[in-house]
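Inspection log for the structure reproduced underneath, given as structure tokens.
The values are calculated or read from the model by the stated rules, or taken from the named source; none is laboratory data. Treat the numbers as computed from the prediction; the structure is a model and nothing was measured. Every residue, glycine as well, gets a Cβ built from its backbone with ideal geometry; the counts of neighbours run over all protein chains shown.
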């Protein structure tokens, strides 16, 4: 039997072979940190391909495809080329199957030509997928050496739906081993870096998607989120991403960790270069009645009435609550500035803004940690024991930074787990009542319409510095409460504007460590800063619409 190292090396070699040789570029030196202009500078893309991949609004691409202005072959080729360039400078891809994608694109073009009709709402659009969304005939390794060679016998339900909508899958993107990290590194493909500053993380666990879309190698991709794994990469890369409510988007057939753990479930959702991409994804997927294909999906079509904010005063005057800090770690200066910018923009646009107080967030996070680690290492060891590959304890290998929370955890009894789940259910009820009670604080006669919160206390960090229960506390609390949340970019770190604050009375040891992380603003040079808009359960339509309002206010 080959060693895990040999198997990983063979997989990397096969990936390299799948890259068209005439799409290789002269890579910039390692000290070139911002690589976002490499595709334009490479000379590899034609003028048409540059024009196509410069489009960030999915609706524009879909219109040009539907009218025949651009063929699907041309669009898929353009984004595939750019994806390969992005991969060479950020290491964002896993599976590359461009020939198969071009065959499908040619078929779609022929269908449009002969029938005069598009195949579906995503006709001809290239869509990237996290290395978790199973595709028939391809390996889905999810960061595990032990899953190399495991060929999917059929597509995940979501993949089938996207294909039925006319989409063209063409690449899959990198993830961390186990998925349970807010960074992206594994022992097969290595680390994915941030294209705006390669010394910083691209986030995780959908970090490959985040980097690819930031490089315009994709305009719409699919990620997953159990503690922030869509929102973190979206924020760290300055793009948009939606964490839907559980059971709104089909998960059946996708690979996963912690399968059978149903208290705080992972969800699939979109990452995109535009909010229109997020909306288009949700409308397209829900148009195919996924509740008939996945037994857990709720029977709830896309509602234009809810998107028109019928339950939120028609969107004319909204009341947003801002979470300035979560009572655990205070945000760094650029994140605080982003919150202040957003508040000012909303007030200028005629909306109301109030403060949101964190409520028992430390207890919610403790429940989350205890539920995730209830089985100790058993879930991961069941995979890694097949070849003896090590379970990663750090995102920096030998350096003990960002230690995995599940390392050293002992399994607990079913009764103990029941008690934790019972406590979390009570916290969910208390949180719901708290939101409803905000009706007395607003001038609209309604409870707060949405919460605006940091995605993390910081911009993208140096590699190995992002941890779930310190850094990701701002995202995972909303997973535990099962609230939908949409990320929107706001600004970027400016070392002149975002000087370190004087030391404050630290909320916790984690808060002290977070404060010390921002000792030199130049470390975060060119780093995106984003926020998230949080709504109530199954309110995806309203969350998207309200995020559009916030996004537009920031751009005035």
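List of remarks:
- Count of the stretch 145-156 residues which are surrounded by 24 or more Cβ atoms within 10 Å (Cβ to Cβ) and within 22 Å of the chain's Cα centre (by Cα): 1
- Pairing each residue of the stretch 505-518 that is under 19 Å from residue 463 (Cβ atoms) with any residue that is assigned to a helix (DSSP H, G or I) and at pLDDT 95 or above, provided the two are 6+ apart or on different chains, yields C-beta distances under 9 Å for 517/523; 518/333; 518/334; 518/524.
- Given (1) surrounded by 18 or more Cβ atoms within 10 Å (Cβ to Cβ); (2) within 25 Å of the chain's Cα centre (by Cα), number of the condition residue 351 does not satisfy: (2)
- Within the stretch 196-224, the set of residues being farther than 17 Å from residue 84 by Cβ and in a strand (DSSP E or B) comprises 197, 198, 199, 200, 201, 220, 222, 223, 224.
- Lone qualifier among 450, 459, 404 - being farther than 30 Å from residue 319 by Cα, in contact (Cβ under 8 Å) with a residue 60 or more places away in the chain and either surrounded by 19 or more Cβ atoms within 10 Å (Cβ to Cβ) or not assigned by TED's automatic domain parsing to the domain that holds residue 369 (or both): 404
- From 50, 33, residue being at pLDDT 95 or above, assigned by TED's automatic domain parsing to the domain that holds residue 211, touching a helix residue (DSSP H, G or I) at 6+ places or on another chain (Cβ under 8 Å) and on the phi < 0 side of the Ramachandran plot: 50
- Any hit, the stretch 390-399, residues being without any contact (Cβ under 8 Å) to a residue 40 or more places away in the chain and either touching a helix residue (DSSP H, G or I) at 6+ places or on another chain (Cβ under 7 Å) or within 22 Å of residue 266 (Cα to Cα) (or both): yes
- Looking across 491, 475, 523, one residue alone is closer than 26 Å to residue 243 by Cβ, at pLDDT 95 or above, surrounded by fewer than 24 Cβ atoms within 10 Å (Cβ to Cβ) and not assigned by TED's automatic domain parsing to the domain that holds residue 276. It is 491.
Let's see how each residue does on (1) in a helix (DSSP H, G or I); (2) within 24 Å of the chain's Cα centre (by Cα); (3) in the same structural domain as residue 277 (by TED's automatic domain parsing); (4) farther than 20 Å from residue 272 by Cβ:
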| site | (1), (2), (3), (4) |
| --- | --- |
| 64 | yes, no, yes, no |
| 70 | no, no, yes, no |
| 73 | yes, no, yes, yes |
| 78 | yes, yes, yes, no |
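- In the stretch 89-103, residue surrounded by the fewest Cβ atoms within 10 Å (Cβ to Cβ) [restricted to those that are assigned to a helix (DSSP H, G or I) and in contact with a helix residue (DSSP H, G or I) (Cβ under 8 Å, 6 or more places away or on another chain)]: 102
- The stretch 4-23, subset touching a helix residue (DSSP H, G or I) at 6+ places or on another chain (Cβ under 7 Å) and under 24 Å from residue 198 (Cα atoms), residue surrounded by the fewest Cβ atoms within 10 Å (Cβ to Cβ): 19
- Some residue of the stretch 111-131 being at pLDDT 95 or above and closer than 25 Å to residue 469 by Cα: yes
- Scanning the stretch 179-195 for residues that are at positive phi and either assigned to a strand (DSSP E or B) or not assigned by TED's automatic domain parsing to the domain that holds residue 241 (or both) turns up just one, 190.
- Subset of the stretch 260-285 that is within 14 Å of residue 219 (Cβ to Cβ) and in a helix (DSSP H, G or I) - its residue that is nearest to the chain's Cα centre (by Cα): 278
- The set of residues in the stretch 138-178 that are touching a strand residue (DSSP E or B) at 6+ places or on another chain (Cβ under 8 Å), closer than 24 Å to residue 108 by Cβ and not in a loop (DSSP other than H, G, I, E, B) comprises 158, 159, 162, 163, 168, 169, 170, 171, 172, 173.
- So residue 44, is it in a loop (DSSP other than H, G, I, E, B), surrounded by 15 or more Cβ atoms within 10 Å (Cβ to Cβ), more than 26 Å from the chain's Cα centre (by Cα) and at pLDDT 95 or above: yes
- Filtering the stretch 115-137 for residues that are touching a strand residue (DSSP E or B) at 6+ places or on another chain (Cβ under 7 Å) and surrounded by fewer than 17 Cβ atoms within 10 Å (Cβ to Cβ) leaves a non-empty set.
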